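The values are calculated or read from the model by the stated rules, or taken from the named source; none is laboratory data. Because the structure is a prediction, the values reported are computed rather than measured. For neighbour counting, all protein chains shown are included, and Cβ atoms are generated from backbone atoms with ideal geometry for every residue, glycine included. Each accessible area value is taken on the protein alone, full model and side chains, heavy atoms only, with ligands, DNA and RNA left out. Shrake-Rupley method; radii C 1.70, N 1.55, O 1.52, S 1.80 Å.
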Amino acid sequence: MPPTKPPTTPLTTLYLLCKPPSSTTSKTRLHPYIPPPSNVPISLLCDCLLNHTAKIDGKSIWGRRIVAVTANADEDTVVAAAVKETIQKYVASTMPDSFDITEGWEWTTVNKGDNGDLGVPLTNLLLRSIEDGGVVFVGMDSPNIPLSLMSECQSALTSGSNYVVPAEDGGYTMLGIRSGYEGDGPFSDGIRWSTGDTLDDQVRVIERDGERIIKGRTWYDVDEVSDLFRLVSDIKKESSSNGKFVKEVMMEERIWDIDNEEGFKNWMGVRGEEVKARGGKRRKLLPSKPPRSILRVVGSGITLVPYLKSHVERYNGWMKDPYLLSTTASEPLTLEEEYEMQEEWRVSRDKHTFIILEGEEEGEEGNLERMVGDVNMFVSVEEEIDDDGKIVHEIVQGELEVMIAEAKARRKGYGLVAIRCMIEWGRRMGVERMFVKIGDGNDASKGLFEKKLGFKLVKYVEVFKETEYEITEVEDFEKAMGDLKFDVIPFEETSVG
């Protein structure tokens with residue numbers, strides 16, 4: 001059933017209440033599963049910001065949207081500004097291609113009160129805005145409140161009623177107070193905050209004032225690790241209206257793909273032990289994946305483009321060639337499996353691939369006649385563990401592969417240019433070590449990496465008949481790059497990509 005269309009209303013102010021989130025604090029009840037440092041609190045707030053920008057028929061549900069940061073004193077604008085800056089920096093580092101999610105939000109600070117008495121900040125905020133119209137309060141712990149409940153809240157306020165969305169734990173996730181509220185006030189004495197009685201107490205106080213309050217359907221907030229698992233499950237099922245930042249964090253924490261609550265808890269507990277072993281330091285994470293782009297090296301004769309669905313059939317044809325399967329140590333895939341692999345490479349955080357096109361013409365990313373090969377990088381975190389089992393050093397590394405599939409395109413220097421582009425692409429993401437594994441008999445690749453790019457011998461693995469080469473020092477990266485420069489052109493995402 002589609003959400004009810006809200007009628008024309010007086011100005012309604014939405015307050016999104018939050019504690020100053022950071023990567024060094026998290027909700028107490030989520031310990032020990034999410035020990036600091038963790039970006040979970042920041043991701044919850046980011047998705048709350050996105051969720052409450054929702055519109056119906058092109059019109060925003062809320063008249064004003066204000067983030068209210070609880071602090072030790074009212075109107076301490078420095079605290080609110082710092083939270084806004086934290087969010088902006090987090091978004092820029094996590095999703096560089098994302099728009100400014102703080103746009104359209106006002107930022108303020110409110111006295112948090114003593115002993116967990118939420119009535120103090122709620123009353124303070126209510127008095128600031130109630131003369132302008134209805135006031136709605138939500139917390140940062142419910143980043144996926146459905147649009148239908150927001151619309152119901154607005155409709156109730158317009159009809160002269162108050163509105164509440166009960167939480168499963170006995171509290172509430174949203175509260176709307178109508179303009180013209182009468183009585184002693186909805187947050188006067190008698191409410192047992194942060195208990196299983198909070199909702200009942202809140203309703204009783206409002207009804208005591210002679211006011212009508214409508215209850216929406218029960219929703220949930222994220223207090224326990226089971227709630228976080230439920231949120232992740234809802235995001236996977238697309239029953240949540242957003243969740244992109246929570247998803248990003250769960251991928252960083254390496255638990256996005258766990259599909260049962262017990263496994264989710266166990267893995268987060270393991271992560272907590274890892275944090276303790278590091279003396280409070282979190283595991284070094286994979287760098288965020290940059291937006292898909294086109295890399296064009298002027299004068300090189302090639303262009304690197306994202307691996308698209310339109311490339312799959314020809315690529316799959318290449319990988320039927322015994323010579324290419326041997327030199328790339330690959331197994332043949334069916335066409336259906338290759339399409340699945342292309343999608344995995346498109347979304348995976350640790351896999352980066354470009355198709356090599358011959359020529360530098362623009363606007364022909366899907367031109368199959370120009371396809372001559374591909375270049376790949378697998379990103380991972382390498383750990384050095386001491387005799388006591390403690391991690392003493394971590395490094396972000398990228399394993400490189402290049403294939404010039406078309407015989408007519410070999411010995412033209414395309415592989416050299418492609419690898420240099422990928423090295424620079426990795427460096428821009430923060431990759432600290434580049435390495436390559438080359439099988440016996442592939443003398444062309446050995447010459448490319450050892451003689452032309454300056455990679456140094458690391459080891460020979462007898463069982464796999466492979467030699468590993470690497471570069472790790474800044475000067476080695478610079479030598480490998482030579483004077484190569486390329487243009488990064490944003491790739492316009494399409495339904496065929």
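Under 12 Å from the Cβ of Ala480, count the other residues' Cβ atoms, weight Lys and Arg +1, Asp and Glu -1, and hand me the total.
-2
Let's test the formula: R0 of 30 Å, r as the Cβ-Cβ distance of Lys320 and Ser98. What FRET efficiency results, to the nearest 0.05?
Result of the calculation: an efficiency of 0.15.
Count neighbours as other Cβ atoms within 10 Å of each site's Cβ, and list the trypsin sites (Lys or Arg not before Pro) in the stretch 410-454 that are DSSP loop with at most 12 such neighbours. Mind showing how you got there, number by number?
Working: sites: Arg410, Arg411, Lys412, Arg420, Arg427, Arg428, Arg433, Lys437, Lys446, Lys451, Lys452; in loops: Arg410, Arg411, Lys412.
Loop-located and lightly packed - Arg411.
Can you pick out the pairs among Lys412/Lys446; Lys437/Lys479; Lys446/Lys485; Lys84/Lys112; Lys446/Lys479 whose Cα atoms lie more than 22 Å from each other?
Beyond 22 Å between Cα atoms: Lys446/Lys485.
Working out 0.36 nm times the residue gap between Ser380 and Thr218, then minus their Cα-Cα distance, what length gain in nm do you get to one decimal?
My answer for the length gained is 54.1 nm.
List the aspartates and glutamates whose Cα sits under 12 Å from the Cα of Lys451, skipping any in the same chain fewer than 8 residues away.
Cross-link targets: Asp443.
Using the structure shown, select from Lys408/Lys456; Lys59/Lys89; Lys19/Lys215; Lys89/Lys244 the pairs with a Cα to Cα distance greater than 22 angstrom. Before the final figure, lay out each step's value.
Details: Lys408/Lys456 30 Å; Lys59/Lys89 28 Å; Lys19/Lys215 26 Å; Lys89/Lys244 16 Å.
Over 22 Å Cα-Cα: Lys408/Lys456; Lys59/Lys89; Lys19/Lys215.
Fully extended, how many nm does the chain gain between Tyr460 and Asp57 (0.36 nm per residue separation, minus their Cα-Cα distance)?
Gain in length upon complete extension: 138.7 nm.
Calculate what fraction, in whole %, of the accessible area of the stretch 124-229 sits on carbon and sulfur atoms when a 1.4 Å probe is rolled over the protein chains.
C and S atoms contribute 44 percent here.
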